[in-house]
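What follows is a set of notes on a single structure, which appears directly below.
What follows is calculated from the coordinates using simple rules that are stated; it is not laboratory data. None of the values given here were measured: they were computed from a predicted structure. Backbone-built Cβ (ideal geometry, glycine too); neighbour counts: all protein chains shown.
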Amino acid sequence: MSILATRFAGSKAVLVELSDLDSVLALAALLSANPLPGQIDVLAAASTLFIKADSTASAEKIATAVLALELGAAGFNTGSLVEIPVHYDGEDLAEVAGLTGLSIEAVINAHTQQIWRAAFSGFAPGFTYLMGENQLLNVPRRSTPRKVVPSGAVALAGNSSAVYPRQSPGGWQLIGHTDAVLWDLDREKPALIRPQDRVRFVPSREALQVSPVPANTHAPALPAGTNLLEILDPGPQSLIQDLGRPGLGDLGVSAAGSADTRSAAQANRLVGNAPQCAVIENLMGSLSLRAQGDVVLAVSGASATITVDPVDGDDFHGARELSMDTPFALLDGETLRLTPAGNGLRSYLAVRGGIDVPRVLGSRSTDSMSGIGPDPLARGTKLPVGAIHGAHIVGNPESSTLPVPDAQGIYTLRISPGPRDDWFDASGLARLTGQIWSVSAESNRVGIRLALGANATALERTRTGELASEGVAAGALQVPPSGLPVLFLADHPVTGGYPVIAGVIAEDLPAAAQLPPGAAIRFVLTDLHAPIQARPDEGIHA
């Protein structure tokens, strides 16, 4: 059992390579019991441990300190035996048979006649990587991930199997589906399969009878006098966001939170809120709402025309147009309308006191990939405004935080190489930084899918084979076999199975979140980190 190496992953994370899964679990247990200074999250994988830090300086200290840790034996807990009934009707079942040289019946037998060990969670809440007892079903991921994999899909990749807990993108080979509910926040333990459990897949021809969770048709009673924001038109997408829920990666839960943290913080600052207050993140600056009670608002981020319409019959307060990045009052019964003004992708609306919806796993943010948090806003949604405690000083007008392109209309994003740039060698990084990329229309809060700019060519790997799934961070540039990178944003999966050639530094992620489809990007390498060195008197211990 040993630590083999540490690599930086973007500006605030470290990837630790270990000799085997038992070493991974031993180091994960050690860091869980005794966190290193600046450690935020730890994500176990088959042969790596991914450590997220609170700053670049903390990441550098962690990269050195972890090499001096002495690993004990991993505690072995067999967990529970979980049986999962499966309908073997997956789209890739025949392809898996061809890849393995087995018949379809033999593939099903190989899947059901072994016990799978639940090693670690990742990708999405309830998504658990199951390690097989043999190599019979060792198959590569799809060359291009599917944009949509249905909930309950049973899949294979490498020597692992898993069940997709909800509809999401994915690149695994689909061999069937189950009606079992893998993730349910109303259960005492939301995940049906937990690390160290043993899983047996059972062929099923009958649909499972799953008792639905009764819907809560009664909204909680609000204190008398609570101010509200009533959504009249949410536009293409409006979500509640705050600082997110970091530190839950081991459950497969991404941090989520505002995609453009800089603009969200600005909106909160302007109305006198603390940074953690929840705001509305609106796509394309298109939204209308009505105040119930007098409120103070501010809109930052993507530029929008802000118009306030008076209450019907109010001859004193006429319609008025207001400025971005400036606090303003919206009086009881008045209507706020945002219309797009051309720059940026996401607008942020803050209300003094914050939006007081219930927290889920410690946060009010909506995770668009996992479905955790408040539902996307819809016509008729009424949002309670939080009470104001203490001194909340309304700010002065500020300048826009939106990124500015160069004279050719190109946006620059700084990147730090690794952790898997060696899958592409120096020529891969040179190609990544030496040509112009374009934001695809298929982008969202999970990530920006990049397309080729003029005269650009896709990236090419210099290694063959599959990379075992491992932790990833926001900003990661993951490269599928197509050679077209995906830049992970706030709702990204916590693990990924394609090599990450580089990571956009944390300071430039707010700018990335504001780039609309068609925007041109140039990546520029920046050297953030000092070389990783073990202390002279401390080696690597087994």
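A simple charge model with +1 on the Cβ of Lys and Arg, -1 on the Cβ of Asp and Glu and nothing else charged puts the dipole of the chain at about 400 debye relative to its Cα centre.
Taking Cβ atoms as reference points and 12 Å as the exclusive limit, the residues near ARG245 contribute a net charge of -2, counting Lys and Arg as +1 and Asp and Glu as -1. Given R0 = 35 Å, the distance between the Cβ atoms of LEU452 and GLU95 translates into a calculated FRET efficiency of 0.80.
Label separation (LEU222 vs SER440): 4.1 nm, computed from points 7 Å beyond Cα along the C-beta direction. One decimal place: the segment THR305-ALA57 gains 85.2 nm when fully extended, by the rule 0.36 nm per residue minus the C-alpha distance. FRET efficiency for the ALA329 to ALA378 pair, using the beta carbon distance and R₀ = 30 Å, is estimated at 0.70.
Dividing the summed -39500 (n - 2.57) terms of all DSSP H runs of n ≥ 4 by the residue count of the chain sets its mean residue ellipticity at 222 nm at -3500 deg cm²/dmol. Highest-first packing order for the peptide set 227-233, 9-15 is 9-15, 227-233, based on the mean count of other beta carbon atoms within 10 Å. Each Lys or Arg adds one and each Asp or Glu takes one away; over the other residues whose Cβ falls under 14 Å from the Cβ of ALA441, this sums to +1. One chain, two ends: ASP527 and ALA430. Fully extended at 0.36 nm per residue, the span grows by 33.5 nm beyond their Cα-Cα distance.
Qualifying chymotrypsin sites (Phe, Trp or Tyr not before Pro) in region 1-108, where qualification requires a DSSP coil assignment and no more than 12 other C-beta atoms within 10 Å, comprise PHE76.
Look at the alpha carbon pairs under 8 Å that are at least 6 residues apart: their mean separation over the length of region 3-68 gives a relative contact order of 38 percent.
Ranked for footprinting exposure by Cβ neighbours inside 10 Å, fewest first, SER440, SER32 give SER32, SER440. Counting beta carbons within 10 Å around each of THR48, THR178, THR464 and listing the fewest first gives the order THR464, THR178, THR48.
Counted residue by residue at 0.36 nm each, then reduced by the alpha carbon distance between them, the extension gain from HIS389 to ASN138 reaches 84.6 nm. Taking a Cβ cut-off of under 15 Å around ARG146, the surrounding Lys, Arg, Asp and Glu residues balance to a net charge of +1, with basic ones at +1 and acidic ones at -1. Of all lysines in the structure, those lying under 23 Å Cα to Cα from LYS52, and not within fewer than 8 positions of it along the same chain, are LYS12, LYS61.
Shown is the FRET efficiency for LEU102 and ASP312, computed with R0 = 60 Å from the Cβ-Cβ distance and rounded to the nearest 0.05: 0.25. Scanning the chain for DSSP H helices at least 20 Å long along the axis (C-alpha atoms) with a Kyte-Doolittle mean no lower than 0.0 picks out nothing.
Backbone amide hydrogens, once placed in the peptide plane, bring ARG414 within less than 5 Å of ILE505, VAL524, excluding anything fewer than 5 places away on its chain. Once backbone amide H atoms are built at 1.01 Å from N, ASN444 has ARG449 as its partners under 5 Å, excluding neighbours fewer than 5 places away on the same chain. Peptides 290-302, 442-454 ranked from most to least packed by the mean count of surrounding Cβ atoms within 10 Å: 290-302, 442-454. Residue exposure proxy: LEU336, LEU36, LEU156, LEU43, ordered by other Cβ atoms within 10 angstrom of their Cβ from fewest to most, comes out as LEU36, LEU336, LEU43, LEU156. Tell me which of LEU102, TYR88, ALA191 sits at the most positive position along the dipole axis of region 88-203, charges placed on C-beta atoms (Lys, Arg +1; Asp, Glu -1). Going by the charge dipole, the pick is ALA191. Oblate is the label for region 439-478, because the ratio a/c of its alpha-carbon gyration tensor axes (a ≥ b ≥ c) is 1.5 or higher and a/b is not greater than b/c.
Taking a ≥ b ≥ c as the square roots of the eigenvalues of the Cα gyration tensor, the chain is prolate, since a/c reaches 1.5 or more and a/b is larger than b/c.
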